[in-house]
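> First the structure, then my questions, so here it is.
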Amino acid sequence: MGADFTFATFPYFDMTDERRESFRESIANLTKNEIDEFQEWYGLDDDDYDAEELLQDIEDACSTCSRETATMYAYAEGGQRYELNITGGMSWGDPPTDVMSAFERASFFEDIYQRAIDYSIEYCKEFAC
């Protein structure tokens, strides 16, 4: 049995207080079915992981710049350019980087990921990416 290459992505942008509150609201509006699916996927129960931890994972995934990450440009469905933060590497069943698990959890919910893309598009317009 050998190693597999695995990676995770999350849009890159600066987290502001306004954006943090927007994500907090999105997390609060998740349905019970979405939360149950998330907990089942990661083997969690209500006491293992809470909304503030998910918010911290989103913040880590959107802004981590280290030797464990790289960025590339991607394009949204409407053709808008945005920056994508990437982490990963070879894995023998464990996360290949310290931030991999945060990236995976942050990108689990489609609505949250789409909101992150929107913020990354804004970021790229602001900083002429």
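The values are calculated or read from the model by the stated rules, or taken from the named source; none is laboratory data. Not measured: the values here are computed from a predicted model. Heads up, the Cβs are rebuilt from the backbone with ideal geometry, glycines too, and the neighbour counts pull from every protein chain shown.
> Under the condition of being over 13 Å from residue 106 (Cα atoms) and among the small types (Gly, Ala, Ser), which residue from the range 1-25 is modelled with the highest pLDDT?
22
> Filter the helices (runs of 4 or more DSSP H) completely within the range 1-104 down to those with at least 1 residues that are in contact with a strand residue (DSSP E or B) (Cβ under 9 Å, 6 or more places away or on another chain), closer than 14 Å to residue 116 by Cα and among the small types (Gly, Ala, Ser).
Details: elements: 17-28, 32-42, 51-63.
Helices (runs of 4 or more DSSP H) meeting the threshold: 51-63.
> For the range 44-65, indicate whether the set of residues that are closer than 25 Å to residue 3 by Cα, crowded, with 17+ Cβ neighbours inside 10 Å and at pLDDT 95 or above is non-empty.
Yes - at least one qualifying residue is present in the range 44-65.
> Among the residues in the range 34-50, are any farther than 22 Å from residue 126 by Cβ, free of Cβ contacts under 8 Å to residues at least 24 places away in the same chain and among the hydrophobic types (A, V, I, L, M, F, W, C)?
Within the range 34-50 (the criterion being farther than 22 Å from residue 126 by Cβ, free of Cβ contacts under 8 Å to residues at least 24 places away in the same chain and among the hydrophobic types (A, V, I, L, M, F, W, C)), the answer is yes, since at least one residue qualifies.
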